[in-house]
1. Name the single residue, out of those in segment 109-122 being within 22 Å of residue 145 (Cβ to Cβ) and surrounded by 12 or more Cβ atoms within 10 Å (Cβ to Cβ), that is modelled with the lowest pLDDT.
2. When segment 111-150 is examined, which residues are found to be assigned to a helix (DSSP H, G or I) and either within 12 Å of the chain's Cα centre (by Cα) or within 17 Å of residue 68 (Cα to Cα) (or both)?
3. How do the pairs read when you match residues in segment 152-172 that are within 24 Å of residue 41 (Cα to Cα) and polar (S, T, N, Q) with residues anywhere that are modelled with pLDDT of 80 or more and open to solvent by 30 Å² or more (accessible area, probe 1.4 Å), using Cβ under 9 Å and keeping only pairs 6 or more apart or on different chains?
4. When segment 48-72 is examined, which residues are found to be open to solvent by less than 70 Å² (accessible area, probe 1.4 Å), part of a loop (DSSP other than H, G, I, E, B) and within 15 Å of residue 84 (Cβ to Cβ)?
5. Hey, among 62, 44, which residue is closer than 17 Å to residue 110 by Cα and either modelled with pLDDT under 90 or touching a Gly at 6+ places or on another chain (Cβ under 7 Å) (or both)?
6. For segment 165-173, state whether one or more residues are modelled with pLDDT of 85 or more and of a type in the set (S, T, N, Q).
7. Considering each residue of segment 10-47, count those that are open to solvent by less than 80 Å² (accessible area, probe 1.4 Å) and either part of a loop (DSSP other than H, G, I, E, B) or within 30 Å of residue 140 (Cα to Cα) (or both), and give that number.
Amino acid sequence: SAATARSTITLYCDNELKKVYKIPSMEVEMLQANFDTSGFPTCIRTGAEALSRLLNGFDAGIDDLNILALPSVYTTNNREKVKLRSYIEPSNRKADSTLNTQLGLESGSDVLYEYYHNSDQPSDATFNFKDFKAMLGLCEALRGGISIYIQGVGQPAVLSPHVPGDSISLQFKAELVL
């Protein structure tokens, strides 16, 4: 029955000891959200490995990451179109001891290789840093990039792997809605 469903792992040790682990499982309803990202005003495509390397400079104690995407009228010489900032809730007791970090990404670099922003206002999204790093790790394992779609403040952001060209044939689709 569903109440007694479990996985059993049996280990046979060198000293003739037998260890049995019974891991219970339960049936849950699958939640699936579909987002049409073609209507999102901002798309940022970055190299996963290069972005991961840059994010290693962020304090491990941060909870959230803020991404600010700027239209061309807000940038000088068409540079630093995307800003990544560590975000800590001011009421959080870690706020005074955590290092605040900000990075600017220039379009056309090895990190920010594709960018479009179809709005005259900046797009802003704040989401969980560890969730973002998990998706970034998947994209890095695929030896590809990550696509970040931002709709606006308070709206969902969608992350998905981006593998340019035919270097890999993806047999799945992965999206993380934050």
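The values are calculated or read from the model by the stated rules, or taken from the named source; none is laboratory data. This one's a predicted model, so the numbers in the text were calculated from it and none came from an experiment. Glycine gets a Cβ as well: all are built from the backbone with ideal geometry, and neighbour counts include every protein chain shown. Heavy atoms of the whole protein, side chains included, go into the accessibility calculation; ligands, DNA and RNA do not. Shrake-Rupley method; radii C 1.70, N 1.55, O 1.52, S 1.80 Å.
1. Within segment 109-122, the subset within 22 Å of residue 145 (Cβ to Cβ) is 109-118.
Those still in the list that are surrounded by 12 or more Cβ atoms within 10 Å (Cβ to Cβ) too: 109, 111-117.
Numbers: 109: 74, 111: 80, 112: 82, 113: 79, 114: 82, 115: 82, 116: 83, 117: 83.
Checked segment 109-122; the qualifying residue modelled with the lowest pLDDT is 109.
2. At the first step, the residues of segment 111-150 found to be assigned to a helix (DSSP H, G or I) are 129-141.
Correct list: 129, 130, 131, 132, 133, 134, 135, 136, 137, 138, 139, 140.
3. Matching pairs, first to second residue: none at all.
4. Answer for segment 48-72, where residues must be open to solvent by less than 70 Å² (accessible area, probe 1.4 Å), part of a loop (DSSP other than H, G, I, E, B) and within 15 Å of residue 84 (Cβ to Cβ): 57, 58, 59, 62, 63, 70.
5. Numbers: 62 fails: closer than 17 Å to residue 110 by Cα.
Every option except 44 fails the conditions.
6. Initially, segment 165-173 is screened for residues modelled with pLDDT of 85 or more, giving none.
No, the conditions are met nowhere in segment 165-173.
7. The qualifying residues number 14.
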